[in-house]
Amino acid sequence: PADYIANAPQIRRAVLDRLRGQSVLSAALFDKDLLTELAKFAAYLQLKRFEVGTAMSDKIMAAAFFEPSTRTRLSFESAMLHLGGKTISVADGKTTGVAKGESMRDIGQMFNSYADVVVVRHTEQAALSEMCEYLRVPLINGGNGSDEHPTQALADWYALLKWRPEITFGRLPEEFRLNIGIIGTPGNMRTVKSFLMLALLFHENINRITIFSEMADPLGEELRELTKNSPITIGFSQSLTQNLEYLDVIYMNAIAYIGDGYRFFADAFSLSSESRIKPDTVILHPLARGVELDVSLDDTPHNLYFNQADGAVWIRQALLLAIFGRVADVVPPDMLD
Ligand code: CP
């Protein structure tokens, strides 16, 4: 984190103020300026570790997860608790009125009385918009069906920006611009979709994104439209091994979540320390992993996925503070711009 903010240590409060009171439903909320400033703020928080006081002591976060989670729910809770905030949680939707047929809209109405911000994960894409019908406090999408997982993408890019601060600050010579491989189907996988949406913001320093998928149309209509005017070359391949030697970043995802056809490709789309990866290539994976990401990679320099999961606490803490307009409560005036 220190390297990341060394170039521009001042945190631009006016930029982060754009998040005040906002819901975060999609990665589309972020432009490069906002994402960069949020990452700088997260780096500041990470450097301070948990010694920034209790700016959230009057706030309650509800984490309502209608689908299993290890990292998203617990990192949000950790972020909030370390700021003196309080959390109430649904770890299993079956323990709520949903089991009796209660609608997400009505649950949203209840949260208005119980919490100041709500983080929701649901198997259904439409669940969040239904909740929004009555909800009046900010809603953070913790993963909605096959649609989006915007705060995961924030954690992904926070890890990448710390790895190569030059991606943010300035334009790299052509030979140093990134070649990114995405293993998965952005059109119907929420993590890679949100990751790809944020990748487009760094088009100055990304040369090519290759999508490795068994699907005929891995982008789908929405992402096809979004990517068509990007200067980044978007390529498609079914052969990871043939492309490994030029990839700088590999974004993997759990094969278990994907349809039957993917099993056929599981071996071809798996990586281990035996894979012919460039020495300086980094691997991202939102976790939980399946067979595609062998544990033999854990102790190699390719492993950015643990860093990615660790950084999630800081970027989510930064996001919560910005949503509540509490940036100046934790950053001293001489660090603010
Ligand atoms: N990356 C991610 O969403 O992990 P969890 O499913 O554990 O929340």
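The values are calculated or read from the model by the stated rules, or taken from the named source; none is laboratory data. Please read these numbers as outputs of a predicted model, since none were measured by experiment. Heads up, the Cβs are rebuilt from the backbone with ideal geometry, glycines too, and the neighbour counts pull from every protein chain shown.
Tabulated values for the structure
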| quantity | calculated |
| --- | --- |
| Residue in segment 17-32 that is free of Cβ contacts under 8 Å to residues at least 40 places away in the same chain, closer than 30 Å to R289 by Cβ and either surrounded by 15 or more Cβ atoms within 10 Å (Cβ to Cβ) or in contact with a His (Cβ under 7 Å, 6 or more places away or on another chain) (or both) present | no |
| Identity of the residue in segment 63-105, among the charged types (D, E, K, R) and away from the ligand (no atom under 11 Å from the Cβ), that ends up nearest to A155 (Cα to Cα) | E77 |
| Evaluation of V98 against (1) surrounded by fewer than 18 Cβ atoms within 10 Å (Cβ to Cβ); (2) more than 25 Å from V249 (Cβ to Cβ); (3) at pLDDT below 95 (one fails), failing number | (1) |
| Residue within segment 195-202 that is assigned to a loop (DSSP other than H, G, I, E, B), touching a Leu at 6+ places or on another chain (Cβ under 7 Å) and within 22 Å of T72 (Cβ to Cβ) present | no |
| Boolean, L293 is within 16 Å of the ligand (Cβ to nearest atom), in contact with a helix residue (DSSP H, G or I) (Cβ under 8 Å, 6 or more places away or on another chain) and on the phi > 0 side of the Ramachandran plot | no |
| All positions within segment 123-137 that are assigned to a loop (DSSP other than H, G, I, E, B) and surrounded by fewer than 22 Cβ atoms within 10 Å (Cβ to Cβ) | T123, E124, Q125, A126, E133, Y134, R136, V137 |
| Candidates I167, I140, filtered to the one that is assigned by TED's automatic domain parsing to the domain that holds L244, under 23 Å from the mean Cα position of the chain (by Cα) and either among the basic types (K, R) or within 20 Å of F30 (Cα to Cα) (or both) | I167 |
| Residue list for segment 274-290, filter: at pLDDT 95 or above and within 12 Å of the ligand (Cβ to nearest atom) | L284, H285, P286, L287 |
| Test for G181: is it surrounded by fewer than 23 Cβ atoms within 10 Å (Cβ to Cβ), in contact (Cβ under 8 Å) with a residue 12 or more places away in the chain and more than 15 Å from A43 (Cβ to Cβ) | no |
| Single residue of F50, F41, F111 found to be among the aromatic types (F, W, Y) and surrounded by fewer than 19 Cβ atoms within 10 Å (Cβ to Cβ) | F50 |
| Filter result for R177 (at pLDDT 95 or above, closer than 30 Å to Q242 by Cβ, more than 16 Å from the ligand (Cβ to nearest atom) and more than 21 Å from the chain's Cα centre (by Cα)) | yes |
| Among the candidates D299, D294, D310, D329, residue that is exposed (fewer than 14 other Cβ atoms within 10 Å of the Cβ), out of contact with any Pro (no Cβ under 6 Å at 6 or more places or on another chain) and of a type outside the set (F, W, Y) | D299 |
